[in-house]
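Colleague: One structure follows; several queries about it will come next.
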Amino acid sequence: MPKIPHSYYLCSAEQSRFMDEKTISEFGIDGFTLMEIAGTRAADFIQSEILAGSHGIFFCGKGNNAGDALVIARLLSQQDYRITVCFLAGTEDLSPDTQKNLELLKKLDAGINILNWNDFTPADFDFIVDGMLGTGLNSEVRVPFSDAIEWINKQETPVFALDVPTGLHADSGRILGVAVRADFTLSFGALKTGFYLNMGYDCTGEVILCELSFPNKYKNPTAYLIDQSWVEANTPSPRKNKHKYDGGVLYVIAGSEGLTGAGILAAKSGWATGLGAVVLITPKGLLEIYEKQLVQIIKKPVGDKEDLFFKKSHLKKTLEILREKPGKLLIGPGLGRQKETIRFVQNILQEFKGDAVIDADALFALSKMDGWEKPKSANWILTPHPGEFESLLHEKLSDGFNRLKLSAEKAKEHKITLLSKGMPTMVGTESGDIYLTGYDTQIFSRAGFGDVLAGKVGAFWLTYSTAESACFHALLDGLEKSQQYFAQESGSLEPIDII
């Protein structure tokens, strides 16, 4: 497993509570001190975004989330910010640390307005702080919290959510009735899985990690966020090849009549990473199309000029080509679903003992095998979108959190690397670890982007040796190229733009 900074750990609400409780009960840092640290770091960030003299409204519940808000209110009041604190359910039965912070706030005598929701009068506030319910919420938001959320979401002023936007499930990213749509989420101690699943991306805005004094030994995450910084730090520099075949060959088995574009995109994508050689294996009847489109790519035709899709009769020749030089195999883009092609793919996957990226129509062929499993000496990267995931692994995907758990479980069970496409994209590994993207992958959901991604995965597998590294680099390369495109263009992104 790569060495990943703790700032990229994704934790559940239970894991966050565990870290908090162990730090207090075993390590000896009390809860009030942790609350002060959380509030101080959040206040520092708010000051970097909001001018002094501004008027902020702080919405508070009864638990420690409200205590964090009161620390921030106290600190900002000492920096010339005007503060109004509104308690949604009154000030009776506050958690002990929250009660103590309320008493400190009152001691300041700084003109802070403290009121209950029934006495709240809408005004022109300059910023809003959500300290209502935090990570403990597991049921739908009720009145008056739902009323406050609806009011917050109608405002145009910046909204800062503390730890998690109220109404967003911290684990799954589901909205529990209604949820705050924050501009910033100040996450205390660890990032939450729900920020990146289901509706989390729409509710959290920009996520800011506020580190707390949790000892590393208590940090046991659910997943990890894929980021360029730690991926590059864990990746050795690729060696320079002495000749075009020195680093290995990317073999691409792709294409059928009417679907040659997928093979073209995949081959071009693999070539663009800097590989010495990409070899496209094609039915001979499609060779003329590829000769015009893929000048730099080596083409290896199988069958006769009349063959426009792969047949079982092409098996022997294809396997001979795959044995010519060491390399990786990408199989699937644009293969089609003819019965003969399905049998051809199934036989290739049973016979080929090397490393293979299995994509698109090859996944469909694999799903038609009873109790499929890879050859013992083979290594597989499977790249299903949600529909392919369900067909291949015989599991129903109810939401992003369910897909997260199943991606980890199935990758470990089948001893494969599972690149599960969607929002977000996830990478499950043979060890059972799971990684996910922290950026919007919806722009890559159109036809053709999967072919480009598959080409990158196969190529980077040759470059960086491990299957998970290949997936990480392929995803980050696509992100980087999309950012470069949008920095210069305003139109919609096309698959060719990220090659």
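Each value in this text was obtained by applying a stated rule to the coordinates, not by laboratory testing. All values derive from a computational prediction rather than experimental measurement. Every residue, glycine as well, gets a Cβ built from its backbone with ideal geometry; the counts of neighbours run over all protein chains shown.
Colleague: Order of Leu34, Leu209 from fewest to most other C-beta atoms within 10 Å?
Modeller: Leu209, Leu34
Colleague: Can you return the aspartates and glutamates within cross-link range of Lys154? Criterion is Cα-Cα under 16 Å, with same-chain partners fewer than 8 residues away left out.
Modeller: Asp124, Asp126, Asp130, Asp183, Asp202
Colleague: Using modelled amide H (1.01 Å from N, peptide plane; none on Pro or chain starts), what sits under 5 Å from the amide H of Val85, excluding residues fewer than 5 places away?
Modeller: Phe58, Asn113, Ile114, Leu115
Colleague: Determine which residues of region 211-225 fall in the zone a paramagnetic label at Thr40 would reach in this model, i.e. backbone nitrogen under 19 Å from the point 7 Å along Cα→Cβ.
Modeller: Flagged as within label range: 211-216.
Colleague: What ranking do Arg403, Arg181 get, fewest neighbouring Cβ atoms within 10 angstrom at the top?
Modeller: Arg181, Arg403
Colleague: Now a separate question. Check Gly327: other-chain or 5+ apart residues with amide H under 5 Å from its amide H, H built from backbone geometry?
Modeller: Val249
Colleague: Would you kindly derive the ³J(HN,Hα) couplings of region 475-483 from the backbone phi angles with the Karplus curve 6.51 cos²θ - 1.76 cosθ + 1.60 (θ = phi - 60°), listing them in order in whole Hz, with x for Gly and Pro?
Modeller: 5, 5, 5, x, 4, 4, 6, 5, 5
Colleague: Computed from the coordinates I sent, P(r) over Cα pairs in 20 Å bins from 0, in percent equals one of (1) 22, 44, 25, 9, 0; (2) 22, 58, 20, 1; (3) 17, 24, 10, 6, 13, 19, 8, 1, 0. Tell me the label.
Modeller: Matching entry in (1) 22, 44, 25, 9, 0; (2) 22, 58, 20, 1; (3) 17, 24, 10, 6, 13, 19, 8, 1, 0: (1).
Colleague: Here is the link list: Lys325/Lys415; Lys62/Lys106; Lys312/Lys339; Lys300/Lys325. Which ones come out longer than 19 Å on Cα distance?
Modeller: Exceeds cut-off: Lys325/Lys415.
Colleague: Rounded to the nearest 0.05, what FRET efficiency is calculated for Asn234 and Trp151 with R0 set to 51 Å and r the Cβ-Cβ distance?
Modeller: Approximately 0.65, to the nearest 0.05.
Colleague: How far, in nm, would the chain grow between Leu108 and Tyr218 when pulled straight, counting 0.36 nm per residue and subtracting the alpha carbon separation?
Modeller: Between Leu108 and Tyr218, full extension yields an extra 36.0 nm.
Colleague: What's the exposure ranking of Met426, Met199, Met369, Met19, going from fewest to most Cβ atoms within 10 Å?
Modeller: Going from sparsest to densest Cβ surroundings: Met369, Met199, Met19, Met426.
Colleague: For a 22 Å ceiling on Cα separation, which of these pairs sit above it: Lys3/Lys217; Lys328/Lys456; Lys311/Lys376; Lys368/Lys456; Lys284/Lys376; Lys3/Lys328?
Modeller: The pairs that break the limit, which is 22 Å between Cα atoms, are Lys311/Lys376; Lys368/Lys456; Lys284/Lys376; Lys3/Lys328.
Colleague: Between helix 31-49 and the chain, what is the angle of the helix's C-alpha long axis to the longest principal axis, kept within 0 to 90° and rounded to the nearest 10?
Modeller: Its long axis makes an angle of about 80 degrees.
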